[in-house]
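S.K.: My questions all concern the structure below.
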Amino acid sequence: MLGCYDFCGHYEWTFAWLHREGGHDLVRAYWDEAIHGDSQRHAAELISEGGIEGMARYWGHTLADEAAGHHTTVTDRVFRVDMHQCPSKGFLLRNGLEQYPDYCDHCMGWIGPMLRASGWTVDHEHNHHGQCWWEIRRMDDRTAPGPAGGLSGEHDVRLLPTWNPKGATIDAYERANDPDDKSRRQVT
């Protein structure tokens, strides 16, 4: 049996192999078909039927089971996750397992299409060091994410001294559902 952390290394290796064999389009197809369309159907059902309550049920147990260092903020209009220590990206970093150029994009690769199908969209940033934040709202809700410390207060990952390490690249998604709808900024 493959352990949870061992799985992360194989997952990342699979992305790299798919990229070598068929390029970016094949990796995207894998995220959408194998993860979103197959292995995470239960998440899609919970969110489609329960909205924010479904998100809280799905990510509440998933992030706890994975022992993620995180904080969630839930209102009647937004579901927010502040990931302080991503267990899978952290495992890859600790073990020097970086074969695929942007492992973090796989989350948007399956979550984005899943949310779009249920009428939700995402504001999200990740720093490639196992830290990110997500704000999920209805597509017709044009509210922009607040400043650091806003919605999630002291739990906002952007307040951590490790959020903007010198030389890091921050990937940002605004009102997105596609892993390619991102901008990048370099921390100087």
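Any read-out appearing in this document is the output of simple, stated calculations on the displayed coordinates, not a laboratory observation. None of these values were measured; they are calculated from a predicted model. Cβ: placed from backbone, ideal geometry, glycine included. Neighbour counts: every protein chain shown.
S.K.: Trypsin sites (Lys or Arg not before Pro), restricted to the stretch 80-188: which are DSSP loop and have at most 14 other Cβ atoms within 10 Å? Numbers along the way, then the final one.
M.R.: On the way: sites: Arg80, Lys89, Arg94, Arg116, Arg137, Arg138, Arg142, Arg158, Lys166, Arg175, Lys182, Arg184, Arg185; in loops: Arg142, Lys166, Lys182.
Qualifying residues, ordered by number: Arg142, Lys166.
S.K.: What is the magnitude of the charge dipole of the stretch 8-74 about its Cα centre, with +1 placed on the Cβ of each Lys and Arg, -1 on the Cβ of each Asp and Glu, and no other charges, expressed in debye to the nearest 20? Before the final figure, lay out each step's value.
M.R.: Details: 4 positive and 11 negative charges, 25 e Å.
Dipole magnitude for the stretch 8-74 comes out near 120 debye.
S.K.: Another one. Using the beta-carbon distance between Arg175 and Ala67 and R0 = 22 Å, what value does 1/(1 + (r/R0)^6) give for FRET efficiency, to the nearest 0.05? Numbers along the way, then the final one.
M.R.: On the way: r = 31 Å, r/R0 = 1.40.
After rounding to 0.05, the efficiency reads 0.10.
S.K.: Just report the Cα centroid separation between the stretch 102-125 and the stretch 67-91, whole Å.
M.R.: Spelled out, the Cα-based centre of one part sits 14 Å from the other.
S.K.: Multiply the residue gap between Gln85 and Thr162 by 0.36 nm, knock off their C-alpha separation, and tell me the result in nm, one decimal place. Each step should come with its number before you reach the end.
M.R.: Working: separation 77, 0.36 × 77 = 27.72 nm, distance 1.06 nm.
Contour length minus Cα-Cα distance gives 26.7 nm.
S.K.: Which of the following values of Rg and Dmax of the Cα atoms in Å was calculated from the structure shown: [x] 15.8, 45; [y] 18.5, 66; [z] 21.4, 72?
M.R.: [x]
S.K.: Let me ask something else about it. Run lengths n ≥ 4 of DSSP H only: what is the helix-derived mean residue ellipticity at 222 nm for the chain, with -39500 (n - 2.57) per run over all residues, to the nearest 500? Mind showing how you got there, number by number?
M.R.: Values: 4 runs with 73 residues, N = 188.
Helix contribution divided over all residues of the chain: -13000 deg cm²/dmol.
S.K.: Compute the separation of the alpha-carbon centres of the stretch 15-60 and the stretch 157-188 and state it in Å as a whole number.
M.R.: Here the two parts' Cα centres lie 21 Å apart.
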